[in-house]
Every structure is written in C-alpha cells, then in structure tokens.
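Peer 1: A single structure is presented below for examination.
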Amino acid sequence: MFTTRKLLFAFVVIALAGCATTANYEKILNSWVGATELELVRKWGPPQQTYEAGGHKFLAYANTHNVYIAGTAPSYTTTYIGKTAYTNSVGGSPAQNINMSCQTTFEIADEKVVSWQWKGNDCKARD
C-alpha cells in the first residue's frame with residue numbers, strides 16, 4: 001500500500017525525469033565517439049578534470065544539484081479511555097534533500113574521442 005510519502009516521492013521522480021533515461025544519455029555519448037577533442041570542448045566547455053596516461057587523455061565533466069522534497073504532516077487520532085484522552089500521530093514524513101550527480105569522462109586518443117564512461121544517479125537525457 002502506498003503511503004503519502006512514497007506517492008509524493010514517486011510523483012517527484014516522474015516529474016523530474018520526464019522521458020529522461022540513461023539509454024538516451026548513452027546515445028548522446030555514443031554520438032561523440034570519433035569527434036575531435038576540440039569539437040567536444042567547444043560543445044561541453046572546459047572539463048573540470050583532465051588526466052593523461054599512456055598517450056591517452058581523459059576529460060571529466062561533472063554536475064551536481066540537490067532536489068528538495070518537502071515533508072508531510074502526520075494526522076492525529078485521539079482515543080478516550082475513561083476520562084483520559086490519548087492522542088497519537090499517524091503517518092507523515094520528514095523532508096528529504098537528495099543529492100543528484102553525474103560525472104562523464106571521455107577518453108581521447110590521437111585527438112579523437114575513443115570511449116566514454118559515466119557514473120552517478122543523474123546521468124540521464126531526454127530523447
């Protein structure tokens with residue numbers, strides 16, 4: 001059974017993601033294989049990190065942001081036993097701050113993109 005918290009979280013995830021998928025992101029990354037390093041930097045901008053090893057260069061791009069999900073208030077039930085009232089809270093959820101991130105690294109050999117890799121929970125793109 002869905003609680004209010006689970007339903008709200010599902011709604012936010014769907015609303016934020018829309019049609020964005022990792023498969024669509026990988027399709028975009030695949031389109032860069034064979035492109036020159038200069039073309040990549042012109043489109044993606046300067047990388048946040050670079051590393052060179054064995055005649056290959058690695059260009060890393062990263063982005064992060066937070067998604068805030070507001071909490072929900074509990075409901076209250078009051079039970080009377082004799083002349084004493086007992087009030088209990090039911091449900092509710094605390095606010096959540098979710099860190100979203102994506103790091104994409106392109107491998108460059110002979111001034112051309114030869115491969116890529118990504119990691120994170122926000123490496124998605126729309127079709």
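We did not get these values from a lab; they are worked out from the coordinates using the rules stated. The structure presented is a predicted model; accordingly, all values stated were derived computationally and were not measured. Note that we place each Cβ from the backbone using ideal geometry, even for glycine, and neighbour counts take in every protein chain shown.
Peer 1: If you place +1 on the Cβ of every Lys and Arg and -1 on the Cβ of every Asp and Glu, how big does the dipole about the Cα centre of the stretch 50-127 come out, in debye to the nearest 20? Could the numbers behind the result be given before it?
Peer 2: Values: 6 positive and 6 negative charges, 104 e Å.
Here the stretch 50-127 has a charge dipole of around 500 debye.
Peer 1: Sum up the lysine pairs in the chain that clear both bars: alpha-carbon distance under 29 Å and a spacing of 8 or more or different chains.
Peer 2: 15
Peer 1: Here is a follow-up. Considering only DSSP states other than H, G, I, E and B, which chymotrypsin sites (Phe, Trp or Tyr not before Pro) in the stretch 70-104 qualify as loop sites with at most 14 other Cβ atoms within 10 Å? Mind dumping the intermediate values first?
Peer 2: Numbers: sites: 76, 80, 86; in loops: none.
Answer by residue number: there is no such site.
Peer 1: Let me ask something else. By Kyte-Doolittle mean hydropathy of at least -1.0 and Cα axial length of at least 18 Å, which whole DSSP H helices of the chain are selected?
Peer 2: Details: long enough: 4-17 (20 Å, 1.87).
Sorted by number, the helices that extend far enough and score high enough are 4-17.
Peer 1: Only one of the values (i) 2, 12, 21, 23, 16, 11, 8, 5, 2, 1, 0, 0; (ii) 2, 12, 22, 25, 21, 12, 5, 1, 0; (iii) 2, 9, 14, 15, 12, 9, 8, 7, 6, 5, 4, 3, 2, 2, 1, 1, 0 was calculated from this structure for P(r) over Cα pairs in 5 Å bins from 0, in percent; name its label.
Peer 2: (iii)
Peer 1: Expressed as a rounded percentage, what relative contact order does the chain have, with Cα pairs under 8 Å and six or more residues apart? Provide the component values of the computation, followed by the final result.
Peer 2: Details: 203 pairs, mean separation 41.3, N = 127.
With pairs under 8 Å counted, the relative contact order is 33 percent.
Peer 1: While we're here: Using a 10 angstrom cutoff on alpha carbons, build the Gaussian network for the chain and name the most mobile of 104, 50, 78.
Peer 2: In the Gaussian network model the winner is 78.
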